[in-house]
Amino acid sequence: MAAALLWLLLAPLLPAGPADPPAPAAPESEAKLFFIQLSDPQFGMFEENRGFQGETVNLTRAVAHVNRLRPAFVVVTGDLVNRPGDEAQATEYLRLMRSVDRSIPVHSVAGNHDVENTPTPESLAWFRRTFGPDRGVFQHAGAWFLFLNSSLVCDPKKSGAEAEEQYRWLDSELYRASRSGARQIVLFQHHPWFVERADEPDSYHSVPLSARGRYLERLRQAGVRAVFAGHLHRCAEAADRDLAMVATGPVGKPLGKEPSGLRVVWVFEDRIVHRYYGLEEVPQ
């Protein structure tokens, strides 16, 4: 396993495409921790809700990589299912994720296909009952990690006070993280805040401008270093000053040039390094 982890960390040194991140300057042993991000397993998408064999194959493969590499934790950044409220799709996702070694925490984040594009009290209750909380905070090796429900940010009109309650929660947790002296604060969500630039116009692919500015300003104030999202079914990277915005390709059905895969993220004392791997490319 150690050899595989070293290969993972040094892989950016090998000839690769221009989108690959720069190689880290320190050996793997200097990383405080590493984790794995999966996104958009979206059970039912391949077959338009007639079945989910393709998603089962892909997530089974991803879980095998997780159990071999032994990350500090796994985060799945939304769209766990293709059809909100579909019990069969949810049951298959949960069955496979329960095969992740019990020593590796799994955090399942809400996506728009899980709680609907415009969340309702009913869709939120179904997600929380089925998958667990749709927002949370945890710590590893002095770093702080938070996740939230970005669908509430994108379109809160049917969810009552939920969106504002989530913002107040985020504000409070960011305050605690900043006061703790954490060198690294990371946020997970489904929708990217933006795909190319922080002031880009509204689109289906990112959080609306009407909410985006407020959140980005608070994240910058708190010193958040990176936001990891999904939603696009392809990879994309951008930045707003010192805040990195990373959208990860899907473990489910891809809609871009990257194959179905996962992202490995190394957290160092002074930086965060990450790389996306197709499921067939993860070192054995």
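Worth pointing out:
- Reported count of residues in region 254-284, each being polar (S, T, N, Q) and surrounded by 22 or more Cβ atoms within 10 Å (Cβ to Cβ), is 1.
- Extreme residue, farthest from R168 (Cα to Cα), among residues of region 126-140 that are touching a Leu at 6+ places or on another chain (Cβ under 9 Å) and of a type in the set (A, V, I, L, M, F, W, C): F131
- Some residue of region 133-142 being among the basic types (K, R) and in contact with a helix residue (DSSP H, G or I) (Cβ under 7 Å, 6 or more places away or on another chain): yes
- Restricting attention to region 54-98, the residues that are part of a helix (DSSP H, G or I) and aliphatic (A, V, I, L, M) add up to 12.
- Selection within region 238-253: residues that are surrounded by 19 or more Cβ atoms within 10 Å (Cβ to Cβ) and not aliphatic (A, V, I, L, M). The member of this set that is farthest from A143 (Cα to Cα) is G252.
- Residue match in region 188-211 (condition: β-branched (V, I, T) and more than 23 Å from F73 (Cβ to Cβ)): yes
- Only a single item in (1) more than 17 Å from the chain's Cα centre (by Cα); (2) among the basic types (K, R); (3) at negative phi is not met by R225, and it is number (1).
Conditions tested, residue by residue: (1) buried (at least 19 other Cβ atoms within 10 Å of the Cβ); (2) at positive phi; (3) of a type in the set (A, V, I, L, M, F, W, C); (4) touching a strand residue (DSSP E or B) at 6+ places or on another chain (Cβ under 8 Å).
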residue	(1), (2), (3), (4)
E116	yes, yes, no, no
P119	yes, no, no, no
F138	no, no, yes, yes
L148	yes, no, yes, yes
L152	yes, no, yes, no
D171	no, no, no, no
E200	no, no, no, no
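- Residues within region 38-53 that are in a loop (DSSP other than H, G, I, E, B) and of a type in the set (A, V, I, L, M, F, W, C), tallied: 3
- Flag for G223 being modelled with pLDDT of 95 or more, more than 22 Å from L148 (Cα to Cα) and surrounded by fewer than 19 Cβ atoms within 10 Å (Cβ to Cβ): no
- Selection of first residues in region 42-64 that are closer than 17 Å to L232 by Cα and of second residues that are surrounded by 24 or more Cβ atoms within 10 Å (Cβ to Cβ) and of a type in the set (D, E), restricted to Cβ pairs under 9 Å at least 6 apart or on distinct chains, gives the following pairs, ordered by first then second residue: Q42/E55; Q42/D79; F43/E55; G44/E55; M45/E55; M45/D79; F46/E55.
- Selection of first residues in region 147-158 that are under 11 Å from L170 (Cβ atoms) and without any contact (Cβ under 8 Å) to a residue 12 or more places away in the chain and of second residues that are assigned to a helix (DSSP H, G or I) and of a type in the set (S, T, N, Q), restricted to Cβ pairs under 9 Å at least 6 apart or on distinct chains, gives an empty result.
- Top-ranked residue in region 121-131 [being of a type outside the set (D, E, K, R), closer than 27 Å to P71 by Cα and more than 16 Å from the chain's Cα centre (by Cα); ranked as surrounded by the fewest Cβ atoms within 10 Å (Cβ to Cβ)]: T130
- Checking S108 against (1) of a type outside the set (A, V, I, L, M, F, W, C); (2) part of a strand (DSSP E or B); (3) surrounded by fewer than 19 Cβ atoms within 10 Å (Cβ to Cβ), the condition it does not meet: (3)
- Conditions (1) farther than 23 Å from A238 by Cα; (2) not in a loop (DSSP other than H, G, I, E, B); number of the one not met by K158: (2)
- When region 247-282 is filtered for residues that are part of a loop (DSSP other than H, G, I, E, B) and of a type in the set (G, A, S), the ones remaining, listed by number, are G249, G252, G256, S260.
- The residues of region 28-42 that are at pLDDT below 95 and within 15 Å of R275 (Cα to Cα), listed by number, are E28, A31.
- Hey, F194 of a type outside the set (D, E), within 23 Å of D134 (Cα to Cα) and in a loop (DSSP other than H, G, I, E, B) or not: yes
- With respect to being assigned to a helix (DSSP H, G or I) and touching a helix residue (DSSP H, G or I) at 6+ places or on another chain (Cβ under 6 Å), S172 falls outside the description.
The values are calculated or read from the model by the stated rules, or taken from the named source; none is laboratory data. Since we're looking at a predicted model, the values are computed, not measured. Positions of Cβ are backbone-derived with ideal geometry, glycine not excepted, and every protein chain shown enters the neighbour counts.
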